[in-house]
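Written below as structure tokens is the structure these notes are about.
The values are calculated or read from the model by the stated rules, or taken from the named source; none is laboratory data. Bear in mind that the values here come from a model prediction, so they are computed numbers and not experimental data. Heads up, the Cβs are rebuilt from the backbone with ideal geometry, glycines too, and the neighbour counts pull from every protein chain shown.
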Amino acid sequence: MQNLFATIIQSASSQASQPLTTGGNASIWSHMADALHQSLERILSLLIAILPGILALLVALAVFALIGTALSALLRFGLTAARFDEHLARRHSSINWAPSTSPTALIARGFFWGCVLLGLIIGISAFDASYATATTLPSSLLSYLSRFVEAAVLFIAGTLIARYLARSVLIGAVNEQLQYARFLSLGVKWLVLVLTAAMVLEHLQIGGNIVGLAFGILFGGIVLTLTLAVGLGSRDLVSRSLESHAEHSGENSAAHPATGIDNSIRHF
Amino acid sequence: MAAADQNPGVLSSSAHHGNALLVLLAAMTPEQLETVLANLTASFPAEELLIASPDTPPANAHPSLRMITAPANNSSWILTATDFANAYQLAEKNEAHAILMLGPESSSLSASELCALANPVLAATDLAVPCYSLAPHAGLVNSAILYPITRALFASRVRFPLAVDLGLSLRMAKCLSDAARRFTAANQGGTPLWPANEAAVAGFAVEQFDVGPRVQLAGPELNTILPLVTGPLFSDIKAKAAFWQRFRPLPPVSNAIFTPPAPATETPADIMPMLSAFRLAYTNLHEIWSLVLPPNSMLKLKRLAATDAPAFSIADDLWARIVYDFLLAYRLRTINRGHLLGALIPLYLAWVASHFNISASGASSEDHIEAVAAAFEAEKTYMVSRWRWPDRFNP
């Protein structure tokens, strides 16, 4: 591009002394073609330089996945033959294992994914080395990639926590017979999801201060909405509870103040 | 069920070196302790008794009785792993030949009822369990889940599998102590143990005795009780899967047939709050239930949610399948176990409402409980099929 600009400036200065001819046009086109050619050459040479790195990444991943599969199968076979699950169950009977997550299955799966992770790390470092030698850019791809992986883990964890908390709130609120149980559960879920999204974007360094600001506004808005909704929605409930308490003060209440279920019933 | 034997001679004839009977008492008031001690001395020779209590007895009340200090019960309303571990430890230390565990409010048990629990374990029985005469509105978790599932899976007629008063032979106490050790080692000493299930698996002799009405201590509220009781029961069933998957005939009813309590003159309970709890749950927990229950059950629940209060009734086979499906989901960890047991509460309330409706229609409450237990037995094949092939058999 520098050559191109230099040529353009040079030709512009010479235009002042010389009249425009067809030969001048040809020189501009040839310079443009040269510049494009050089750029293409640079990109192709960069691709050729990092191609071994990409291939190394794929090969490392495939080889370690194969090793992981073989190791996992071997372990599964060995542990099943040694009745590892039964021995463990005899020692620690208080631990409940689901059939899909038996100790043998967990160990075998752990080894497989461990090998895949090792392959991924080796492949990425090979790719990063080849990329670093091929380019003069100061930032390393590996550091951003690791940041991306961390953000992905953060996102998955946030989603799982949101789902768990939403279910906990829903079941708890239903058992307390709150009419707005679903709304409450959705509110909690979106609070956690918004928090997670803000953390992920912050981690990826996308958006800068705007994300923090937007998150603050959104989070505050959700909390305010929930407070108003719960406050207004439970007004009747609170007044009923207070009335019931006033009526039965000094006596044993016949019914649970929140659920209204008869207290004379002995469940156990 | 055997009638209460009022003859204290068994104890005298079984006099051995050491103490014949270790009586382990729960924490109670001085008046209650005095009543229990008076009942015990009226039934058994004092020199053969060793009383272990967490409370200090009144001074000079029973000088002939030997008393030791026992650790207080882990929980006031059930017997836990720690209680059984402590019981065996004390019995072994004091060379006792049998143990009588008495829960809180056991002063409401008469001398003859204490004899009925203690004498069999001093003879040949390993586990003596009481059969209480409770009001129709009491012991509902027991009637809806604990009794039917224990009867169907473990072929045991024990009507109160989590009774707080028990008679244990020394080998039964050892068996329970071994089971308890696994929990105490994992710092889970508060977990309830299931003596009837342990006895069934060990092949020990179990006898049940009518002890009449008993004053009950108010336990925690339903939202706490149900997960606390059903979780350990489901875990125990999972651990003993190899035992109950085989067909075993139910032992015949004993000569002294259990007579249900006379219909109490208590006012019928209001089922509307329970029904509204169920309907609210059907609207909100539909997605969670559909992860656990098959479409057929969900369809029946949909119809139930639309049924009016007077006609509201859960079919016994539907209830049995619901409990079995929750048990399977517990085993497979379909959803978080805390969530699963929480989602069972509204369904249980629906069963209670249905049970009250049936009782209000004039049918005997005890007959309905027996019919539910029979339905659990009939649906055991469904349970075993789904246990073995959870993905293949899902009607």
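Contact list please: Cβ distance under 6 Å, first residue in the stretch B:113-126 and polar (S, T, N, Q), second residue outside any helix (DSSP H, G or I), pairs at least six apart or on different chains.
Listed pairs, sorted by first residue: B:N119/B:D5; B:T125/B:A205; B:T125/B:E207.
Mind checking which residues of the stretch B:112-144 are β-branched (V, I, T) and more than 20 Å from B:P213 (Cα to Cα)?
Answer for the stretch B:112-144, where residues must be β-branched (V, I, T) and more than 20 Å from B:P213 (Cα to Cα): B:V121, B:T125.
If you check B:R303 against the conditions, is it touching a Pro at 6+ places or on another chain (Cβ under 8 Å) and part of a helix (DSSP H, G or I)?
No: the conditions fail for B:R303.
Return the pair list, or none, for Cβ contacts closer than 9 Å from residues in the stretch B:25-44 that are among the charged types (D, E, K, R) to residues that are assigned to a loop (DSSP other than H, G, I, E, B), at least 6 apart or on different chains.
B:E34/B:P57; B:E34/B:P58; B:E34/B:A61; B:E34/B:H62
Could you list, in sequence order, the residues of the stretch B:337-353 that are of a type in the set (G, A, S) and more than 8 Å from every other protein chain (Cβ to nearest Cβ)?
From the stretch B:337-353, those of a type in the set (G, A, S) are B:338, B:342-343, B:350, B:353; that's our starting set.
B:A350, B:A353, listed by residue number.
Considering only residues that are outside any helix (DSSP H, G or I) and among the aliphatic types (A, V, I, L, M), look in the stretch B:315-341 and name the one that is farthest from the chain's Cα centre (by Cα). Reasoning before the result, please.
Step one: of the stretch B:315-341, the residues outside any helix (DSSP H, G or I) are B:315, B:333-336.
Still in the list and also among the aliphatic types (A, V, I, L, M): B:315, B:335.
Numbers: B:A315: 23, B:I335: 26 Å.
Result: B:I335.
Looking at the stretch B:128-166, which of its residues are within 11 Å of chain A (Cβ to nearest Cβ) and assigned to a loop (DSSP other than H, G, I, E, B)?
Of everything in the stretch B:128-166, those that are within 11 Å of chain A (Cβ to nearest Cβ) and assigned to a loop (DSSP other than H, G, I, E, B) turn out to be B:L134, B:A135, B:P136, B:H137, B:A138, B:G139, B:F160, B:L162, B:V164.
Looking at the stretch B:354-363 only, could you name the residues that are away from every other protein chain (no Cβ under 13 Å), assigned to a helix (DSSP H, G or I) and at pLDDT below 90?
B:N357, B:I358, B:A360
Would you mind telling me which numbered condition in (1) more than 12 Å from chain A (Cβ to nearest Cβ); (2) out of contact with any helix residue (DSSP H, G or I) (no Cβ under 8 Å at 6 or more places or on another chain); (3) surrounded by fewer than 17 Cβ atoms within 10 Å (Cβ to Cβ); (4) at pLDDT 80 or above B:P252 fails?
(4)
Filter the stretch B:290-335 down to residues that are aromatic (F, W, Y), surrounded by fewer than 21 Cβ atoms within 10 Å (Cβ to Cβ) and within 14 Å of chain A (Cβ to nearest Cβ), then give me how many there are.
0
Looking at A:R109, A:R42, A:R76, which one is in a helix (DSSP H, G or I), under 28 Å from the mean Cα position of the chain (by Cα) and modelled with pLDDT of 75 or more?
Answer to the selection: A:R109.
Table: residues versus (1) closer than 12 Å to A:V116 by Cα; (2) of a type in the set (A, V, I, L, M); (3) surrounded by fewer than 16 Cβ atoms within 10 Å (Cβ to Cβ).
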{"site": "A:S45", "(1), (2), (3)": "no, no, yes"}
{"site": "A:I48", "(1), (2), (3)": "no, yes, yes"}
{"site": "A:G53", "(1), (2), (3)": "no, no, no"}
{"site": "A:A62", "(1), (2), (3)": "yes, yes, yes"}
{"site": "A:S72", "(1), (2), (3)": "yes, no, no"}
{"site": "A:L79", "(1), (2), (3)": "no, yes, no"}
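Taking A:I206 as meeting all but one of (1) over 22 Å from B:H339 (Cβ atoms); (2) within 14 Å of another protein chain (Cβ to nearest Cβ), write down the number of the exception.
Evaluating A:I206 over (1) over 22 Å from B:H339 (Cβ atoms); (2) within 14 Å of another protein chain (Cβ to nearest Cβ) leaves (2) as the failure.
Any residue in the stretch B:328-349 that's touching a residue at least 24 places away in the same chain (Cβ under 8 Å) and in the same structural domain as B:V292 (by TED's automatic domain parsing): show its pairings with residues that are among the hydrophobic types (A, V, I, L, M, F, W, C) and assigned to a loop (DSSP other than H, G, I, E, B) at Cβ separation under 6 Å, as long as the two are six or more apart or on different chains.
B:L332/A:A98; B:A343/B:L285
Tell me whether the stretch B:15-32 contains one or more residues that are among the hydrophobic types (A, V, I, L, M, F, W, C), over 24 Å from the mean Cα position of the chain (by Cα) and at pLDDT 70 or above. Break it down into steps so the answer makes sense when it comes.
To start, the set of residues in the stretch B:15-32 that are among the hydrophobic types (A, V, I, L, M, F, W, C) comprises B:15, B:20-28.
From what is left, the residues that are over 24 Å from the mean Cα position of the chain (by Cα) are B:15, B:20.
When the remaining residues are screened for being at pLDDT 70 or above, the result is B:20.
There is at least one residue in the stretch B:15-32 that is among the hydrophobic types (A, V, I, L, M, F, W, C), over 24 Å from the mean Cα position of the chain (by Cα) and at pLDDT 70 or above.
Out of B:T80, B:T41, which single residue is at pLDDT 80 or above and under 21 Å from B:G190 (Cα atoms)?
Every option except B:T80 fails the conditions.
Of the numbered conditions (1) closer than 21 Å to B:P249 by Cα; (2) in contact (Cβ under 8 Å) with a residue 12 or more places away in the chain, B:T381 fails exactly one; give the number of that condition.
The single condition B:T381 does not satisfy is (2).
Filter the stretch B:202-222 for residues that are among the small types (G, A, S) and either crowded, with 20+ Cβ neighbours inside 10 Å or within 13 Å of another protein chain (Cβ to nearest Cβ) (or both); which is nearest to the chain's Cα centre (by Cα)?
Taking the stretch B:202-222 as the starting set, the residues that turn out to be among the small types (G, A, S) are B:202-203, B:205, B:212, B:218-219.
Cutting the leftovers down to either crowded, with 20+ Cβ neighbours inside 10 Å or within 13 Å of another protein chain (Cβ to nearest Cβ) (or both) gives us B:218-219.
On the way: B:A218: 15, B:G219: 14 Å.
Among them, the one singled out is B:G219.
Looking at the stretch A:176-187 only, could you name the residues that are part of a helix (DSSP H, G or I) and either touching a residue at least 24 places away in the same chain (Cβ under 8 Å) or not assigned by TED's automatic domain parsing to the domain that holds A:T227 (or both)?
Matches in the stretch A:176-187: A:F183, A:L184, A:G187.
Which residues, taken from the stretch B:152-182, are surrounded by fewer than 23 Cβ atoms within 10 Å (Cβ to Cβ) and basic (K, R)?
Result: B:R157, B:R171, B:K174, B:R181, B:R182.
Of all residues being touching a Phe, Trp or Tyr at 6+ places or on another chain (Cβ under 7 Å) and in a loop (DSSP other than H, G, I, E, B) in the stretch B:180-201, which is nearest to the other protein chains (Cβ to nearest Cβ)? Just the residue, please.
Going through the qualifying residues, I end up with B:T191.
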